[in-house]
Ligand code: E4P
């Protein structure tokens with residue numbers, strides 16, 4: 001499963017990229033607002049940090065507006081993926097962008113039928129939002145399982161991008177369910193490396209090694 005980081009904070013992206021953990025980045029209007037940066041400028045900077053796909057979302061709600069904004073975003077760098085909302089106009093823009101050779105990420109997906117439409121429209125990625133479904137007492141992970149079955153039944157090439165990930169369990173379950181990608185907040189990615197027994201074991205090893213009085217270098 002590929003790892004994208006879900007943030008518009010360039011310093012976080014730079015740090016995680018240096019660990020070799022990143023395959024791409026997703027942003028959304030809320031994350032851009034949180035960064036306090038100019039949208040196109042920050043997308044350009046992120047695209048220079050990572051080689052993989054960087055999702056940048058249109059603000060327009062209508063087809064013509066989405067096409068105009070999508071072309072501007074796609075011109076920022078070769079690795080920009082245009083993020084489109086899962087609406088009828090968004091699907092129409094998705095179909096046109098596919099024909100124009102622009103990669104798309106169809107976002108705010110909350111049902112298997114929406115995911116089916118996005119695949120039929122030629123989306124490069126579909127973003128089912130797990131955490132927001134869990135927030136209203138539905139099972140977000142069940143949606144990933146349903147989409148996996150549907151896409152495999154028909155051989156769609158749209159990648160399942162598990163989004164709205166809130167914790168390490170979401171990451172593990174999305175991998176088990178066969179998501180192609182998970183987009184994960186920076187703090188959750190860092191947390192995946194920790195385990196209380198790793199810390200405890202290391203403590204013991206450090207103490208025992210010091211007691212030997214040896215040095216490797
Ligand atoms: C996906 O691309 C979205 O940016 C993101 O995963 C939304 O997550 P949230 O529900 O935590 O805002």
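Coordinate-derived values only; no laboratory data. Quick caveat: nothing in here was measured; it's all calculated off a predicted structure.
So how far, in whole Å, is the C-alpha centre of the range 135-168 from the one of the range 28-48?
First find each Cα centre; the distance between them is then 26 Å.
Could you tell me which of rounded, prolate or oblate describes the range 147-195, using a ≥ b ≥ c as the square roots of the eigenvalues of the alpha-carbon gyration tensor, with rounded for a/c under 1.5 and, failing that, prolate when a/b is larger than b/c and oblate otherwise?
Details: a/c = 3.49, a/b = 2.50, b/c = 1.40.
Here the range 147-195 falls in the prolate category.
Nearest 500 deg cm²/dmol is fine: what mean residue ellipticity at 222 nm does the chain get from its DSSP H runs of n ≥ 4 alone, each adding -39,500 (n - 2.57), divided by its residue count?
Numbers: 11 runs with 115 residues, N = 217.
The helix-only estimate for the chain comes to -16000 deg cm²/dmol at 222 nm.
So what is the diffusion coefficient of the chain in µm² per second by Stokes-Einstein at 10 °C and 1.306 mPa s, using a Kirkwood Rh over Cα pairs? Could you put the intermediate results ahead of the total?
On the way: Rh = 18.3 Å.
It comes out at roughly 87 µm²/s.
Quick one: angle between helix 140-154 and the longest Cα principal axis of the chain, in degrees between 0 and 90, rounded to 10, please.
With rounding to tens, the tilt is 60 degrees.
Among 178, 101, 201, which one shows the highest mean-square fluctuation when the chain is modelled as a Gaussian network with alpha-carbon springs under 10 Å?
Result for the chain, Cα springs under 10 Å: 201 fluctuates most.
For the Cα atoms of the chain, what angle does the longest principal axis make with the long axis of helix 63-74, in degrees from 0 to 90, nearest 10?
For 63-74 against the chain, the angle is about 40 degrees.
Any chance you could give the angle, 0 to 90 degrees and rounded to 10, that helix 39-49 forms with the longest Cα principal axis of the chain?
Taking the Cα atoms of the chain, the angle to 39-49 is about 50 degrees.
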